[in-house]
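First the structure, in the form of structure tokens, and then the observations on it.
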Amino acid sequence: MGSHASRYEATLGKYTKQIDRAFAQARDKYDAHRRAEPILVEMARDPEVMPAVIAKHIAKWQTFNTKNFPSLGMNIAMSPHYVLVANAFFPLDEGPEDMMFNAIHHHGDLLLTTVNAFGPGYEHWVFGKARPIDLDKDLFEIPFQEKGIHTLYNAAFVDADQPHAVVYPKALTVTFALWASKKPVTWRDHVKRIRVLRGREKKLKDLALKLGLRKTLDLKVPEYFDYYPVPDSAGTTGFYGMRKRAQFERGPNEDYIQSFFNVLQETGNEKLLPFIFECIDGKKIDNPELVRRYAADVRAGKRIPNKYSEGIHTNVPHMNFRAAAVLKNLPKQNAA
Ligand SMILES: [Fe+2]
């Protein structure tokens, strides 16, 4: 385990040290993102990095007890200034080609630089700020700005509060995503860091709000993060805003394991199979037989498809809608 672990740490450390320096020397967070972008592109182009990212993910044995989510995140680095993760986006087996992967959404005060490190990429739609039409009905007007394909090694910056949406990729696509609050380091940075680890951001936030720490801790609670096109039957056009964020639910661990092995196989990292068994040896794994079975399948060259959890990860109406429905609901004289 030692040799693998130290090798991936060295590979990733070479880049994260440069990103640390970018954040230390930058005038502000926007400048830091600008400086970090070429480093992320270099990472994406370095064939040693993807195996190192997956090895780091494997080294944390709890990975194998993770519950499923439509995308699969792997932590690369965390600091008080930023979080760097790899995100695997999976294709949709069936359904219209222009299906959206998630709602039209923004990330509040977080800045995002994303580089496509593996796969064909996905279509990315960018919008202007949502303008309320009728707040009693949560109805908004959202102007279209641009769309493009996030092709291999492409770098894209997503500004704070910038509404955007993603169409399902045609094949597995893995991005390296650098996140930072646009503000100087705040408690929020630390919460974000913890969230990636444990998914407890909401709990911490609720607790902080209960304690009346909202102002002190600089916790904003914006009302709307997610929007979806109004249905044809509504008799109006525009987009409904979600007053409360309704994320995808977590699915069974069995589905997660299947998707994890899909990522390992499709990125050509079969060589990491022995490392999995070194890392989970003696640990309390929920489905050890399944891990063994998929590992055997990968060794035998049997293809393992990705897995969306039944009934909760696809066809969620406020998340998965067609780009055609978005077009229909854009303000007049604002064709995409
Ligand atoms: Fe996003």
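The values are calculated or read from the model by the stated rules, or taken from the named source; none is laboratory data. Model, not experiment: these values are computed from the prediction. FYI the Cβ positions are ideal-geometry reconstructions off the backbone, even for glycines, and counts take in every protein chain you see.
Take Ala130 and decide whether it is within 16 Å of the chain's Cα centre (by Cα) and in contact (Cβ under 8 Å) with a residue 12 or more places away in the chain. If you could, list the steps in order and put the result at the bottom.
Numbers: within 16 Å of the chain's Cα centre (by Cα): no; in contact (Cβ under 8 Å) with a residue 12 or more places away in the chain: yes.
No; evaluated as a whole, the condition is false for this residue.
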Condition broken by Pro47, with the remaining ones in (1) outside any loop (DSSP other than H, G, I, E, B); (2) more than 29 Å from Asp161 (Cα to Cα) satisfied
(1)
State whether the residues of region 22-43 include one that is touching a residue at least 40 places away in the same chain (Cβ under 8 Å) and closer than 18 Å to Glu278 by Cα.
no
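Residues being hydroxyl-bearing (Ser, Thr, Tyr) and more than 15 Å from Lys60 (Cβ to Cβ): count how many of those fall in region 251-293.
2
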Mind counting the residues in region 124-169 that are at negative phi, of a type in the set (Phe, Trp, Tyr) and away from the ligand (no atom under 16 Å from the Cβ)?
2
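Residue under question is Arg299, and the condition is that it be of a type in the set (D, E, K, R), more than 27 Å from Ala117 (Cβ to Cβ) and in contact with a helix residue (DSSP H, G or I) (Cβ under 9 Å, 6 or more places away or on another chain); does it hold? Reasoning before the result, please.
Values: of a type in the set (D, E, K, R): yes; more than 27 Å from Ala117 (Cβ to Cβ): no; in contact with a helix residue (DSSP H, G or I) (Cβ under 9 Å, 6 or more places away or on another chain): yes.
Judged against the criteria, Arg299 is not a match.
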For region 80-123, what are the residues that are within 14 Å of the ligand (Cβ to nearest atom) and not in a strand (DSSP E or B)?
Phe101, Asn102, Ala103, His106, His107, Gly108, Asp109, Tyr122
Search result, residues across region 306-336 that are in contact (Cβ under 8 Å) with a residue 12 or more places away in the chain, farther than 19 Å from Phe248 by Cβ, of a type outside the set (A, V, I, L, M) and part of a loop (DSSP other than H, G, I, E, B)
Pro331, Asn334
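Being over 26 Å from Asp281 (Cβ atoms) and surrounded by 17 or more Cβ atoms within 10 Å (Cβ to Cβ) is the requirement here; does Val53 meet it? Write out each step before concluding.
Working: over 26 Å from Asp281 (Cβ atoms): no; surrounded by 17 or more Cβ atoms within 10 Å (Cβ to Cβ): yes.
So Val53 does not fit the description; no.
Does Phe277 meet the test of being touching a Phe, Trp or Tyr at 6+ places or on another chain (Cβ under 6 Å) and at pLDDT 95 or above?
On the way: touching a Phe, Trp or Tyr at 6+ places or on another chain (Cβ under 6 Å): no; at pLDDT 95 or above: yes.
No, not satisfied.
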Under 6 Å between Cβ atoms, which residue pairs at least 6 apart in sequence (or on different chains) link something in region 159-181 that is under 22 Å from Arg45 (Cβ atoms) with a partner that is aromatic (Phe, Trp, Tyr) and within 14 Å of the ligand (Cβ to nearest atom)?
Pro169/Phe89; Pro169/Tyr122; Thr173/Phe89; Thr173/Tyr122
Let me spell it out: the conditions are (1) surrounded by 19 or more Cβ atoms within 10 Å (Cβ to Cβ); (2) at positive phi, and Tyr256 meets all of them except one. Which number is the exception?
(2)
